[in-house]
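The values are calculated or read from the model by the stated rules, or taken from the named source; none is laboratory data. Please read these numbers as outputs of a predicted model, since none were measured by experiment. Glycine gets a Cβ as well: all are built from the backbone with ideal geometry, and neighbour counts include every protein chain shown. All accessible areas refer to the heavy atoms of the entire protein, side chains included, with ligands and DNA or RNA removed. Shrake-Rupley method; radii C 1.70, N 1.55, O 1.52, S 1.80 Å.
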Amino acid sequence: MDIVNFNAGPAGLPRAALERARDELLDIAGTGISIMEHSHRGKTYEAIHAEALGLVKDLLGVPDTHDVAFLQGGASHLFAILPMNYLAAGRSADYVLTGDWSKKAMAEAKIVGRARVAASGQVDGKFVRIPKEAELDRDPGAAYLHITSNNTIAGTQWSEFPARGAVPLVADMSSDLMWRPTDVAPFDLIYAGAQKNIGPSGIAVIIARKDFVAAGLETIPTYLRLKTHFDAGSLYNTPPTFAIYMIRNVLALVKESGGLAAMEEKNRAKGAIVYGAIDGSGGFYRCPVEVESRSLMNIVFRLPTEALEDAFVKQAEKDGLIGLKGHRSVGGCRASTYNAVSIDGARRLANFMGDFAKRNG
Ligand code: PMP
């Protein structure tokens, strides 16, 4: 039975990217050794490193004003590095709180300096919506405004980003970077843990304006300065070479499959199928998120009781549909439909949902 992997992250990777890794594991590019055993300063690795960085630029159409870097430590590392680089003494940063990950990002800023809530997506204590542009209470003197483009736990997603305004715009795009074509130009800095649409965990992709990177504080240790990694082409120290190799495999495949426009078409089709199953269930399944704020990456839903939710997750697993349990902090169910989930996988889930509701409704 084919498994459909709805895990939220680490998430499913495209099968062909894994098969390529299997085929190349013991002998990369005819060198007789694994990519993991190559020097990060050698020709074989450098070519893959450059290809991976180039694919990020190519797929997103990153303009010359911006550059791309990889940094180990995942998105949480960036939660800390961001305020360390930009919150000079006496300055404050604005955060839009749309979920637990934005709260964590803001908590790091508060350790370094001052941070302020510019808007919140909470209703009765729950993150169920994305605030509208007009709701943003912007501090014109903020060091930056931080948003979380997709909220992995809450199941909400910005469909239209706030305008840049006078203050640098920063986004954590961990759970939706590469889900569709995205204009990166208005953002001063975008970061994403790779483990959803891009590759394995433990590494972040960073896309930033060159002048924003250059303006980072130099009063922090070298390794923590973003500039260090951009200036060194993400080779300041030994990078996680195998993770970057896997990013290469995944993104090369995305490119071959029609690029980000093709991803968007597929992701919208999957969203229509799964949300269709929720909305067409006569109330058996319920999505707690405001309709305009629904995520096309993490589809959250509730069943009439927690006992039914448990049974749903267990029975789905027997049918090869894995990873449907909601995040432990909010409960319920969640189907993460990242790029690697096929339209057929979404159909299998919708069919299972229909059958389960019939049997238990
Ligand atoms: N931001 C978002 C939106 C996330 O979904 C996650 C992880 N699921 C993180 C940040 C943290 O990522 P990491 O584990 O790579 O630090």
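In region 289-313, what residues are open to solvent by less than 10 Å² (accessible area, probe 1.4 Å) and among the polar types (S, T, N, Q)?
Matches in region 289-313: Ser293, Ser295, Asn298.
Which condition number does Ala215 fail, the rest of (1) open to solvent by 10 Å² or more (accessible area, probe 1.4 Å); (2) over 14 Å from the mean Cα position of the chain (by Cα); (3) under 26 Å from Ser293 (Cα atoms) being met?
Among (1) open to solvent by 10 Å² or more (accessible area, probe 1.4 Å); (2) over 14 Å from the mean Cα position of the chain (by Cα); (3) under 26 Å from Ser293 (Cα atoms), the lone unmet condition for Ala215 is (3).
Inside region 158-171, can you point out the residues that are crowded, with 24+ Cβ neighbours inside 10 Å and either in contact with a His (Cβ under 7 Å, 6 or more places away or on another chain) or in contact (Cβ under 8 Å) with a residue 40 or more places away in the chain (or both)?
Within region 158-171, the first condition is being crowded, with 24+ Cβ neighbours inside 10 Å, and the residues that meet it are 170-171.
The one that is crowded, with 24+ Cβ neighbours inside 10 Å and either in contact with a His (Cβ under 7 Å, 6 or more places away or on another chain) or in contact (Cβ under 8 Å) with a residue 40 or more places away in the chain (or both): Val170.
Would you be able to say whether some residue in region 333-347 is surrounded by 16 or more Cβ atoms within 10 Å (Cβ to Cβ) and farther than 30 Å from Ala252 by Cα?
Within region 333-347, one or more residues are surrounded by 16 or more Cβ atoms within 10 Å (Cβ to Cβ) and farther than 30 Å from Ala252 by Cα.
Having 2 or more residues that are within 19 Å of the chain's Cα centre (by Cα) and more than 16 Å from the ligand (Cβ to nearest atom) is the bar; report the strands (runs of 3 or more DSSP E) wholly within region 53-134 that clear it.
Passing ranges, in order: 66-72.
From the residues in region 244-263 that are in a helix (DSSP H, G or I) and free of Cβ contacts under 8 Å to residues at least 60 places away in the same chain, which one is surrounded by the fewest Cβ atoms within 10 Å (Cβ to Cβ)?
The qualifying residue surrounded by the fewest Cβ atoms within 10 Å (Cβ to Cβ) is Glu256.
If you go through region 278-288 one residue at a time, how many are part of a helix (DSSP H, G or I) and either open to solvent by 20 Å² or more (accessible area, probe 1.4 Å) or assigned by TED's automatic domain parsing to the domain that holds Thr152 (or both)?
Number of matching residues: 1.
Which pairs have Cβ atoms under 6 Å, sit 6 or more apart or on different chains, and link a residue in region 42-57 that is over 20 Å from Ile207 (Cα atoms) to one that is modelled with pLDDT of 95 or more and in a helix (DSSP H, G or I)?
From region 42-57, the pairs are Tyr45/Thr241.
Quick grid of which residues meet (1) within 15 Å of the ligand (Cβ to nearest atom); (2) at pLDDT below 95; (3) outside any strand (DSSP E or B):
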site	(1), (2), (3)
Ala154	yes, no, yes
Glu160	no, no, yes
Val170	yes, no, no
Asp176	yes, no, yes
Val184	no, no, yes
Lys196	yes, no, yes
Val205	yes, no, no
Val213	no, no, yes
Leu217	no, no, yes
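Scan region 139-149 and give yes if some residue there is under 30 Å from Gly258 (Cα atoms) and not in a strand (DSSP E or B), otherwise no.
yes
Go through (1) touching a residue at least 12 places away in the same chain (Cβ under 8 Å); (2) farther than 30 Å from Leu349 by Cα; (3) of a type in the set (A, V, I, L, M, F, W, C) and name the single condition Ala8 misses.
(2)
Which numbered condition trips up Lys266, out of (1) within 30 Å of Leu26 (Cα to Cα); (2) open to solvent by 20 Å² or more (accessible area, probe 1.4 Å)?
(1) is the only condition that Lys266 fails.
Looking only at residues in region 66-105 that are among the acidic types (Asp, Glu) and open to solvent by 10 Å² or more (accessible area, probe 1.4 Å), which one is farthest from Pro131 (Cα to Cα)?
Asp67
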